[in-house]
Structures are given as C-alpha cells and as structure tokens.
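Just below is one structure, and these are the notes that go with it.
The values are calculated or read from the model by the stated rules, or taken from the named source; none is laboratory data. Note that the structure is a prediction, hence the values are computed from the model and not measured. Quick reminder, even Gly has a Cβ in these numbers, built from the backbone with ideal geometry, and neighbours come from all protein chains shown. Heads up: the accessible areas ignore ligands, DNA and RNA and are worked out on the full protein's heavy atoms, side chains in. Shrake-Rupley method; radii C 1.70, N 1.55, O 1.52, S 1.80 Å.
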Amino acid sequence: MMGTWTVNADVRLDVGDYGMETYVVLNVMCDPLKSVNGCEGCSEINNEICLRDDVGSTRCGSMVTDISDWSDALLYVYFGVRLHAGYPFNKDELYSTGGWVGPYSMIFAQNETATKNNGTLLDSYVLRYVQTPAIPYLRMDPDNTLMTYNDFDAYFGAGAVEYTTHLQNQLNGPNATDPFEKYAGNCDNGSVQPYLPILYFDFLKDPKNGVEKLNVRLDYRVLVFPASTDTIYSLMPKLQSKGFPFSGPYCYDDDPNRGWTVDVSYDSMEPSLASLVHSCVEGLPCTPPGSDACSTCIEIEIKAPGKATTVHVGSLGLYFFWIACCIPAITYLVVQNLRLSTNIKKDLRTKIDSSECSTSLLDNNLNEKIIKIGPLESDQATTSCHDGTISRTSQTVTSK
C-alpha cells in the first residue's frame, strides 16, 4: 500500500477536436511518528482513534475533534487536468496544484465488518484522515492554478481535512449519499465543499485458483470553478454533454453554475476511462522532494562490532600509571588513619568519663600546669582522688 499510485486518464472525442488529460498522483509513505497504539473497543473504521495522555494512559478519541500525535502513513497529492477545445473555441486550459500538497496524516482503518460472511474478501482497509499538529501548516504551491490562496484552506488545507474527517465514515456505508448533491443547481447550502482523496484496499481470494488479489478503489472528485468571464465557464456544459467525466454544476461563491467536479474515481474491478498503476508514469510527477532526499539519507548499514584497542605505553607511561594508582591508595590510608585516631580518642574519653573522677578533675590534672617566662616560675598543682574526695597541693618554684 506504500509508494506512488498514479491515476491517469486521456480522453479524446472521435468527433471534433476535443480532449482532456487528467492525472492524480498519490504518494503514501510511513509516518516516522507511527505508533502501535491500540485501545480495546476503539473502532478506527468509525472515526475513532486511540490517544495516549502524558502519563501513558490510553483512551478512545475522535478523528473529528481530537488532535493525534501519531498516524500510520503520510499522504502527498499532486493533481492536474488539461482541457482542449478545438474549433470554434480553440481553447486550452490547464488546472494544476503546481506541486505536491501535504503531508496529510492517515490511519489504515481495518473494515472487519466487510470481511464477515464473505468467502472471497480476506481483508479490507481504508485510509482515514486524522487531525495532527502539522495540519494547520499545509501550504499552497506558488504555481497552483486551481484556486487562489483564499480558497486553499477549504480545498486542500486544514478546512478540507476537518470536513473530510466529518464525512469519511459516511462515504462507503450502506446508506451513503452523494455529498455534492445538496449543492447541485442551487445555493441554498452555500458553496460546494470538496473532500480529500479516499483510498480503499481490498484483499480478495480468487474462487477459481485461490490466488490473492488486491482491489484498489479511489474516491475523488476534483473541484474546479472557472470565473464567469473565462471561456471555459460557458464551455463546461458542452464538454459534459460530449462525454467528458464532469459532474455539476454546483454552487460556488453564490453562483449555482460555477462549480464543477472532474471525476477521477477509480475501481480496479470495474471498467473505467482511467488507469491506475502502483508506480510512477513517465512525464508525470513521481515522488515528493522530501521522499527523494530521505530515501538516501536514511540508509543504515549494519556492521560487526569493532575489536578492543590495545594501548602501548613506554617507561614514562608506566611511571605515570604507577603514580595514578598510588595516589588513591595513599589517600585511602590517610583517611583510614584519621578515622582510627578519632575512634581511639572517643573510646578513651568514654572510659575516663566512667571512672570515679569527674571530667573537671581530669581537666585540672591535665591542663593546670602553667609555665611562665620571665623569672621562670612553675606553678605545679597536683591532684589526687581518694574515696571520692579531692585533695590539692601547690608548690611554687622560683628560679632566678
């Protein structure tokens, strides 16, 4: 399902010099933000999407109203139509997006209902558009001749995405109706609103030989709205009557005869004026520039792990290596010695405090030796402890 899909039609009348060439090129690529999100009971075919909050909890949200941070694929679109009318009009008109439009974020929604009680339909998927933070930044190519900048939002921009998400689960249902019908020939509902291309993929099993086949359907009608002053405005009804795949007229900008659609819908199981190939077509757009660039920049080569590197050191290197090893060892021994000294002092203090003499007595016995410089005098005090009483004698020695 990934890659480039090209729908091309070249229609020429056998009477008169009239012709139309139209193409729609769709490029589907994986979204780098693709996630394996899955919520039990969340039906993507019914416009529901699994969302994850900041703490990792999941809930089932809406493709219409909720902003998703993931999708399965990105879609780029390139459209062009060339109209030729011979005598007496002698007119050529080219309408084109002028470049790739996108990316649109999409999810492959599995249609499990379609496969039930169906012996030939093995699996079925449809591309569903989702709202993502990048959608408001869709931009029109400067060479676009389909519309003006003011029309882009509703045609291919964020407005078109929002409208398509509202509509997409109703297009292929059992009670599906033509969404353009309410705009036909009147302006009671305002201007006709186009929707974005819808792709369907059905995997079928041939009942005769059991070979699996892929049926691809494209639902897309490109809106064109020539100005009333253009020759093509009055030419559209004549081209439609001669067999060109046009539908309309539809209301656009308060004019019930201005809007027309170029019908490029395709079903590989039905005969059609168009052809669809899963490839590029010579002379037509092939892939978006970003796809071409990234197809080469993301190639990754897997190699075997490298071998360990041996560093050769000389005598000087061994000397510094010895120093580097000794410094931590010496530091460790110094720290351990300080810790041992501190512990010994604590043990000695504890033993003295538990003896019959008080701490104050210990201080006197250890510290009350005063040495004076000048005539040298030494005031020596001795203390003793007998039966819990303290006796003190002093002796002054004067040295001249």
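V281 is checked against (1) of a type in the set (A, V, I, L, M); (2) touching a Phe, Trp or Tyr at 6+ places or on another chain (Cβ under 7 Å); (3) modelled with pLDDT of 85 or more and fails just one. What number does that condition carry?
Evaluating V281 over (1) of a type in the set (A, V, I, L, M); (2) touching a Phe, Trp or Tyr at 6+ places or on another chain (Cβ under 7 Å); (3) modelled with pLDDT of 85 or more leaves (2) as the failure.
Count, please, the residues in the stretch 41-92 that happen to be at pLDDT 85 or above, over 30 Å from R12 (Cβ atoms) and aliphatic (A, V, I, L, M).
Of the residues in that region, 9 qualify.
Counting only residues that are under 23 Å from A114 (Cβ atoms) and hydrophobic (A, V, I, L, M, F, W, C), how many does the stretch 176-211 have?
Taking the stretch 176-211 and keeping what is under 23 Å from A114 (Cβ atoms), we get 176-179, 195-211.
Filter once more, so that each one left must be hydrophobic (A, V, I, L, M, F, W, C): 176, 196, 198-199, 201, 203-204, 211.
Of the residues in that region, 8 qualify.
Name the residue, out of D92, D10, D72, D17, that is among the acidic types (D, E) and within 22 Å of the chain's Cα centre (by Cα). Step through it out loud before you land on a result.
Numbers: D92 fails: within 22 Å of the chain's Cα centre (by Cα); D10 fails: within 22 Å of the chain's Cα centre (by Cα); D17 fails: within 22 Å of the chain's Cα centre (by Cα).
Criteria check complete, one pass: D72.
Is it the case that some residue within the stretch 161-173 is open to solvent by less than 80 Å² (accessible area, probe 1.4 Å) and either over 19 Å from S62 (Cβ atoms) or part of a loop (DSSP other than H, G, I, E, B) (or both)? Full working, then the answer.
Of all residues in the stretch 161-173, those open to solvent by less than 80 Å² (accessible area, probe 1.4 Å) come to 161, 163-165, 167-169, 171, 173.
This time we only want the ones that are either over 19 Å from S62 (Cβ atoms) or part of a loop (DSSP other than H, G, I, E, B) (or both), so: 171, 173.
Within the stretch 161-173 (the criterion being open to solvent by less than 80 Å² (accessible area, probe 1.4 Å) and either over 19 Å from S62 (Cβ atoms) or part of a loop (DSSP other than H, G, I, E, B) (or both)), the answer is yes, since at least one residue qualifies.
Where residues in the stretch 254-273 are under 21 Å from Y200 (Cβ atoms), hydrophobic (A, V, I, L, M, F, W, C) and buried (at least 19 other Cβ atoms within 10 Å of the Cβ), which of them is modelled with the lowest pLDDT? Talk me through it step by step, then tell me what you get.
The first filter runs over the stretch 254-273 and keeps only residues under 21 Å from Y200 (Cβ atoms), leaving 261-273.
Keeping just the survivors that are hydrophobic (A, V, I, L, M, F, W, C) gives 262, 264, 269, 273.
Add one more test, that the residue is buried (at least 19 other Cβ atoms within 10 Å of the Cβ), and what stays is 262, 264.
Details: V262: 87, V264: 84.
Here the residue is V264.
Search the stretch 177-204 for residues that are farther than 28 Å from V277 by Cα and part of a strand (DSSP E or B) and pair each with any residue that is among the hydroxyl-bearing types (S, T, Y) and modelled with pLDDT of 90 or more when their beta-carbon atoms are under 8 Å apart and the residues are at least 6 apart or on different chains.
From residues that are farther than 28 Å from V277 by Cα and part of a strand (DSSP E or B), the pairs are A184/Y250.
Can N189 be described as open to solvent by 60 Å² or more (accessible area, probe 1.4 Å) and over 27 Å from the mean Cα position of the chain (by Cα)?
Details: open to solvent by 60 Å² or more (accessible area, probe 1.4 Å): yes; over 27 Å from the mean Cα position of the chain (by Cα): yes.
Criteria met by N189.
Of the residues that make up the stretch 242-249, is at least one at pLDDT 90 or above and surrounded by 19 or more Cβ atoms within 10 Å (Cβ to Cβ)?
As a first pass, look at the stretch 242-249 and keep what is at pLDDT 90 or above: 247-249.
Narrowing the set further to residues that are surrounded by 19 or more Cβ atoms within 10 Å (Cβ to Cβ) leaves 248-249.
Yes; the residues of the stretch 242-249 include at least one that is at pLDDT 90 or above and surrounded by 19 or more Cβ atoms within 10 Å (Cβ to Cβ).
Could you list, in sequence order, the residues of the stretch 263-292 that are outside any loop (DSSP other than H, G, I, E, B), in contact (Cβ under 8 Å) with a residue 60 or more places away in the chain and closer than 15 Å to G3 by Cβ? Can you show your working first?
Initial filter on the stretch 263-292 (outside any loop (DSSP other than H, G, I, E, B)): 263, 266-267, 275-277, 289-292.
Of the ones still in play, those that are also in contact (Cβ under 8 Å) with a residue 60 or more places away in the chain are 266, 275-277, 289, 291.
Scanning the stretch 263-292 gives L276, V277, S291.
As an exercise: evaluate K208 against (1) among the basic types (K, R); (2) surrounded by fewer than 16 Cβ atoms within 10 Å (Cβ to Cβ); (3) not in a loop (DSSP other than H, G, I, E, B) and give the number of the one condition it does not meet.
Here K208 meets the rest and fails (3).
Okay, residues lined up against (1) closer than 21 Å to G99 by Cβ; (2) touching a helix residue (DSSP H, G or I) at 6+ places or on another chain (Cβ under 7 Å):
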site: D123; (1), (2): no, yes
site: Y129; (1), (2): yes, yes
site: I135; (1), (2): yes, yes
site: T145; (1), (2): yes, no
site: T148; (1), (2): yes, no
site: A154; (1), (2): yes, yes
site: A158; (1), (2): yes, yes
site: E162; (1), (2): no, no
site: Q170; (1), (2): no, no
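Where in the stretch 1-81 are there strands (runs of 3 or more DSSP E), lying fully within it, with 1 or more residues that are crowded, with 20+ Cβ neighbours inside 10 Å and in contact (Cβ under 8 Å) with a residue 40 or more places away in the chain? Steps first, please.
Numbers: elements: 3-12, 18-30, 48-52, 58-62.
Where strands (runs of 3 or more DSSP E) fall fully within the stretch 1-81 and carry at least 1 residues being crowded, with 20+ Cβ neighbours inside 10 Å and in contact (Cβ under 8 Å) with a residue 40 or more places away in the chain, they are 3-12, 18-30, 48-52.
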